[in-house]
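See below for the structure under consideration.
The values are calculated or read from the model by the stated rules, or taken from the named source; none is laboratory data. Quantities reported herein were computed from a predicted structural model and do not represent experimental measurements. Ideal geometry is used to build each Cβ from the backbone, glycine not excepted, and the neighbour counts take in all protein chains shown.
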Amino acid sequence: MVTPTRVAIAGCTGSIGRQTLEVIRAEGPERYNVVALGVGSSIELLIQQAREFGPSVVAVADESRRAEVATALPGVEVVADQADLVGPADVVINGVVGFAGLSVTVETLRAGKRLGLANKESLIAAGPVVQPLRATPGAELVPVDSEHCAVHQCLRSSEGFADGAHREVARIVLTASGGPFRGRNAAQLATVTVEQALAHPTWSMGPKITIDSSTLMNKGLEVIEAHELFGVPYDQIDVVVHPQSVVHSMVEFTDGSTIAQLSMPDMRLPIGYALGYPDRITTPFGRIDWSTLSRLDFEPPDHETFRCLNLAYEAGRVGGAAPAWLSAANEVAVEAFLAGLINWNQIADVCVAVLDEYDVAVPGTVGDVIAADDMARRLASEVLERRMAK
């Protein structure tokens with residue numbers, strides 16, 4: 001009898017966390033056993049999930065809600081830090097949004113476990129710290145982002161995949177849906193509302209990631225993440241707009257061949273890929289009905305309107321803590337936009353102003369990354385205060 005894979009889910013009440021549990025339901029308890037769940041403060045849904053799946057430990061970051069969870073879940077250990085979920089698990093799905101997911105990434109790799117990474121910011125901001133941990137015996141980093149999961153699948157056939165050399169790779173092509181504002185110019189986007197920016201045409205995601213998709217910052221951060229994940233130079237990573245979101249990304253090889261991964265938009269497919277790797281799950285999430293798929297369109301991104309894409313390339317090429325600064329500044333700017341404090345175009349303005357202050361530094365520890373993140377957030381807040389004072 002095969003022993004079920006023990007799964008921990010950080011950010012279990014968010015979009016990635018909920019869909020991870022859908023995959024586990026579909027595959028059944030004989031294949032996956034949920035041993036740990038973690039949240040920030042959404043305890044009502046956490047309690048429901050814990051009663052259904054029976055984890056031995058749950059994490060609640062909000063100290064004021066912890067006792068309530070302990071009362072509702074007698075016999076379940078309640079801890080404060082989602083990084084403490086790693087211990088009992090074979091695979092950890094990191095669905096925490098933003099920089100807060102860094103500790104889960106670090107502790108999972110340090111423990112020599114498989115990490116299903118949906119939290120791009122922790123790798124982008126802390127690449128110099130995270131990369132050495134990937135060499136920990138037993139550690140595996142399997143991307144859950146649909147684009148990077150697609151690249152991972154395409155690269156499995158290439159020479160050097162096992163050792164990360166990718167000797168046959170000429171180019172990685174990341175696809176972007178274009179978000180809700182594809183085809184509009186900067187003048188047309190000056191007065192768009194939060195509701196319009198949250199109306200993604202293809203994917204159902206959390207508000208922060210959805211806004212990032214509308215600015216193409218999400219794609220820019222994915223360019224940095226692709227560089228970190230696969231060791232491919234920035235000059236060999238391109239972005240193409242593909243509104244149907246059926247081709248999730250492509251790899252072009254040195255002989256001119258291109259391998260692409262296609263499926264209907266469904267995040268449960270890359271989640272299942274990370275859970276099952278190196279095997280595949282048996283539930284066909286994202287299966288294509290080829291009799292109804294009539295066209296696949298591709299076009300170059302509008303770099304002038306969607307300035308965040310170029311900002312990410314620039315920060316990635318600078319290296320050091322520059323990606324951490326960009327990620328932090330963007331989080332602050334997106335929060336301000338969602339709160340109605342700035343307009344959509346000003347998200348990029350805030351990021352530009354912060355990066356203009358960047359002083360080259362290479363983080364060597366998690367503390368260095370946290371310090372860089374704090375500095376960039378402080379500068380972004382100062383930029384916002386000056387703009388709102390005008």
**Request:** Say whether the condition of being surrounded by fewer than 17 Cβ atoms within 10 Å (Cβ to Cβ), more than 29 Å from residue 126 (Cβ to Cβ) and in the same structural domain as residue 287 (by TED's automatic domain parsing) is met by at least one residue in segment 247-254.
**Result:** yes
**Prompt:** Can you name the number of the only condition in (1) in a loop (DSSP other than H, G, I, E, B); (2) free of Cβ contacts under 8 Å to residues at least 60 places away in the same chain that residue 12 fails?
**Reply:** (2)
**Prompt:** Which one of these is modelled with pLDDT under 95, more than 30 Å from residue 185 (Cβ to Cβ) and not hydrophobic (A, V, I, L, M, F, W, C): 256, 276, 319?
**Reply:** 319
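Take segment 204-238 and flag every residue that is closer than 20 Å to residue 345 by Cβ and not polar (S, T, N, Q).
207, 208, 209, 211, 212, 216, 217, 219, 220, 221
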**Fill in**
Reported set for segment 92-105 where residues are surrounded by fewer than 24 Cβ atoms within 10 Å (Cβ to Cβ) and in contact with a helix residue (DSSP H, G or I) (Cβ under 6 Å, 6 or more places away or on another chain) is 97, 98, 99, 103
**Message:** I need the full set of residues from segment 293-308 which are closer than 25 Å to residue 333 by Cβ and either hydroxyl-bearing (Ser, Thr, Tyr) or crowded, with 19+ Cβ neighbours inside 10 Å (or both), in order please.
**Reply:** 301, 305, 306, 307, 308
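Restricted to segment 20-41, and to residues that are of a type in the set (Ser, Thr, Tyr) and crowded, with 17+ Cβ neighbours inside 10 Å, which residue is nearest to residue 145 (Cα to Cα)?
Residue satisfying both the conditions and the ranking: 20.
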**Request:** Would you check which residues across segment 38-94 are over 19 Å from residue 25 (Cα atoms), in a helix (DSSP H, G or I) and of a type in the set (Asp, Glu) and list them?
**Result:** 44, 63, 68, 84
**Matching helices (runs of 4 or more DSSP H) fully within segment 273-390 where at least 2 residues are among the hydrophobic types (A, V, I, L, M, F, W, C), in contact (Cβ under 8 Å) with a residue 12 or more places away in the chain and assigned by TED's automatic domain parsing to the domain that holds residue 178** = 308-318
